[in-house]
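Structure, as structure tokens:
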Amino acid sequence: MPKPRVYCSHELFEEARKILDATCDVEYWTPAERPPREEVVRRVKDKEGLVCLLTEKVDERLLRAAPKLRIAANVAVGFDNIDVAACTKRGVVATNTPGVLDETTADFAWTLLMAVARRLGEGEQLARSGNWKGWNLDQLCGADIWGKTLGIVGFGRIGRAVARRALGFNMKVIYTDAVRAPEDAEKPVGATFQDMNTLLAEADFISLHVPLLAETRGLFDAPKFFRMKPTTFLINTSRGPVVDEAALVAALESKKIAGAALDVYENEPFIHPGLKRPNVVLAPHLASASLETRTKMAVMAANNVVSLFQGQMPPNMVNPSVLKKR
Ligand code: GLV
């Protein structure tokens, strides 16, 4: 039996390569930069499997070019780069990597929150500049974190992991979501469900943890910023388009909010020039980027591919109806 042919748009990590190479004939994209779109479309033409990153669009056009494709395995939990309906229509399984990155992403949301509250970006620049004249009473005074109110938008696995960390800071935690979480999720972290407008009005830090869907695109727009306190910071480690970037820039310019800490952007890797200001901390989409976690994500994607070709249900299908139809 010939091995199934797989295109992998990244060379992954050795642990994941071993899993794939054992049972599949894999072609890897090895340059450091991301492959051009046309390259991916060309390479998948004769492949049965695709392992891709969130930078690759798996859309109708790519699927049409790859008639033998049976699986698109995303190395990410968010899968807004994949047209799931188009995959389902063509019988292509789509998978993601849920669970393994929750704690690492929550760590990073806190990294950003603390950095923006305590003006770490500005402080670091000053310390490196050679212009620091020494301690001063009113130098780079930021905002306290402890005892404040943390507002979590999207109380799923990552939102809850962010809430857990707030306990150590003696914070009040409020959250909003499409549906209220069960009591056993709220209670251990002392989180209280609120409607969006109450959360906007009360939270000192607002951290976003929703997936990018039609309903969440542009969720944080001008009216939302208008309801926030001028002392509030926005933290986004979810997806860039959840925030209307032009509205955020306007809110920062007019001091409607105190600042922002962002890991994701509307049109990555482009960053709106209006965001490059002292009260905004900018990171290049790093929230899940610990070596341990990124390795786990790659291994998970590899296992999803291998299990399908071994006749099993891939563990992390986002469109399980595809296999039921067969
Ligand atoms: C990263 O952004 C992911 O969705 O895993």
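Rounded to the nearest 500, what is the 222 nm mean residue ellipticity of the chain from helices alone, with -39500 (n - 2.57) per DSSP H run of 4+ residues and division by all residues?
Values: 13 runs with 115 residues, N = 326.
Here the helix-only value at 222 nm equals -10000 deg cm²/dmol.
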Problem - Mean separation of Cα contacts under 8 Å, 6 or more apart, over the residue count of the chain: relative contact order % - result: 19 percent
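At 1.4 Å probe radius, can you tell me the per residue accessible area of the chain in Å²?
On the way: 15900 Å² over 326 residues.
Solvent-accessible surface per residue comes out at 49 Å².
Two decimals is fine: what's Rg over Rh for the chain, C-alpha atoms, Kirkwood radius as Rh?
Working: Rg = 21.5 Å, Rh = 21.2 Å.
Radius of gyration relative to Kirkwood radius: 1.02.
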Handout entry: Cα-based equivalent ellipsoid, the stretch 278-319: semi-axes from gyration tensor eigenvalues, Å
Key = 33, 12, 6
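Assuming 1.002 mPa s and 20 °C, estimate D for the stretch 102-282 with Stokes-Einstein, Rh taken as the Kirkwood radius over Cα pairs, in µm²/s.
Numbers: Rh = 16.6 Å.
Here the translational diffusion coefficient equals 129 µm²/s.
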Completion exercise
Heavy-atom accessible area of the chain with neighbours in place, 1.4 angstrom probe: carbon+sulfur share in percent works out to 56 percent
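Near Glu122, within a Cβ-to-Cβ distance under 14 Å, what is the net charge of the other residues, with Lys and Arg +1 and Asp and Glu -1? Don't skip to the end; give the middle numbers.
Numbers: positive: Arg118, Arg119, Arg128, Lys276, Arg277; negative: Glu124, Asp138.
Surrounding charge for Glu122 is +3.
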Problem - For the stretch 29-83 and the stretch 108-169, distance of Cα centres in Å - result: 37 Å
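The values are calculated or read from the model by the stated rules, or taken from the named source; none is laboratory data. Since the model is a prediction, treat every value here as computed from it, not as a measurement. Because the Cβ atoms are built from the backbone with ideal geometry, glycine has one as well, and the counts that use them run over all protein chains shown. The accessibility values were calculated without ligands, DNA or RNA, using every heavy atom of the protein model including side chains. Shrake-Rupley method; radii C 1.70, N 1.55, O 1.52, S 1.80 Å.
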